[in-house]
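To start, the structure itself, in structure tokens.
The values are calculated or read from the model by the stated rules, or taken from the named source; none is laboratory data. Bear in mind that the values here come from a model prediction, so they are computed numbers and not experimental data. Cβ coordinates were reconstructed from backbone atoms using ideal geometry, including for glycine residues, and neighbour counts include every protein chain displayed. Heads up: the accessible areas ignore ligands, DNA and RNA and are worked out on the full protein's heavy atoms, side chains in. Shrake-Rupley method; radii C 1.70, N 1.55, O 1.52, S 1.80 Å.
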Amino acid sequence: YGLLVHLCLEFDFRPECFVSALEYIRRFVSATKHPLYEHTWRPVLLCAVLLAHKMEDDSVFPSTEFRDFLPLMSDHEFVAMELCFFASIRFQGYISADVHESFYDNLDHILAKYPSSSSSS
């Protein structure tokens, strides 16, 4: 959770970026048959968010801006990891409007179960 908050504050991504990142993570897990674990979720999330950002935004942050989130990696290793992630999802960066809409519907359904604190008396 803290990483997502930090990404939002540091880079000011649009919500659509995170919806796309969720789809890229789904594709990655499906293609590799590897679930996310405690030691793998962070690099996978960063690669997915970075790819989503590159696919949806005209003013793209360089990959090296994200490397601070994985400080033990060199710039070269980080870019190689990003390329490996993209190859793992078979270079399928396009996400249809139907897939976006499906994610939004699912998120609305989940959020409806948790009323906001401002609506309670």
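Suppose we keep only residues that are without any contact (Cβ under 8 Å) to a residue 40 or more places away in the chain and closer than 26 Å to residue 31 by Cβ within the range 47-61. Which one would you say is surrounded by the most Cβ atoms within 10 Å (Cβ to Cβ)? It would help to see each step written out before you state the result.
Here is the first cut: in the range 47-61, the ones without any contact (Cβ under 8 Å) to a residue 40 or more places away in the chain are 47-48, 50, 52, 54, 58-60.
Among the residues that remain, those that are also closer than 26 Å to residue 31 by Cβ are: 47-48, 50, 52, 54, 60.
Values: 47: 25, 48: 25, 50: 27, 52: 24, 54: 15, 60: 12.
For the range 47-61, the residue satisfying everything is 50.
Consider residue 60 carefully, then state whether it is β-branched (Val, Ile, Thr) and closer than 17 Å to residue 7 by Cα.
When the stated conditions are applied, residue 60 passes them.
For the range 99-108, does any single residue satisfy the condition of being open to solvent by 70 Å² or more (accessible area, probe 1.4 Å) and within 20 Å of residue 11 (Cβ to Cβ)?
No, the range 99-108 has no match at all.
Checking residue 77 against (1) assigned to a helix (DSSP H, G or I); (2) under 25 Å from residue 103 (Cα atoms); (3) over 15 Å from the mean Cα position of the chain (by Cα); (4) not β-branched (Val, Ile, Thr): exactly one of these is not met. Which one?
Condition (2) is where residue 77 drops out.
Just to be sure before I move on: is residue 65 open to solvent by 40 Å² or more (accessible area, probe 1.4 Å), farther than 16 Å from residue 20 by Cα, charged (D, E, K, R) and at pLDDT below 90 in the structure I sent?
Answer is yes for this residue.
Which count do you get for residues in the range 83-102 that are farther than 18 Å from residue 19 by Cα and touching a Pro at 6+ places or on another chain (Cβ under 9 Å)?
Count: 0.
For the range 76-93, what are the residues that are exposed (fewer than 14 other Cβ atoms within 10 Å of the Cβ) and within 24 Å of residue 2 (Cβ to Cβ)?
77
Are there any pairs with C-beta distances below 9 angstrom linking a residue in the range 85-111 that is assigned to a helix (DSSP H, G or I) and modelled with pLDDT under 85 to a residue that is open to solvent by less than 90 Å² (accessible area, probe 1.4 Å) and polar (S, T, N, Q), with the two at least 6 apart or on different chains, and if so which?
As it stands, the answer is 103/20, since those pairs meet every condition given.
Going by the conditions given, is residue 35 more than 18 Å from residue 8 (Cβ to Cβ) and either surrounded by 13 or more Cβ atoms within 10 Å (Cβ to Cβ) or in contact with a helix residue (DSSP H, G or I) (Cβ under 8 Å, 6 or more places away or on another chain) (or both)?
yes
Return a yes/no flag: does the range 44-62 have any residue that is modelled with pLDDT under 85 and outside any loop (DSSP other than H, G, I, E, B). Talk me through it step by step, then tell me what you get.
Here is the first cut: in the range 44-62, the ones modelled with pLDDT under 85 are 56-62.
The next check asks that each one be outside any loop (DSSP other than H, G, I, E, B); those that pass are 56.
Yes; the residues of the range 44-62 include at least one that is modelled with pLDDT under 85 and outside any loop (DSSP other than H, G, I, E, B).
In this structure, does residue 36 turn out to be under 25 Å from residue 2 (Cβ atoms), outside any helix (DSSP H, G or I) and either among the hydrophobic types (A, V, I, L, M, F, W, C) or touching a Gly at 6+ places or on another chain (Cβ under 8 Å) (or both)?
Working: under 25 Å from residue 2 (Cβ atoms): yes; outside any helix (DSSP H, G or I): yes; either among the hydrophobic types (A, V, I, L, M, F, W, C) or touching a Gly at 6+ places or on another chain (Cβ under 8 Å) (or both): yes.
Yes, satisfied.
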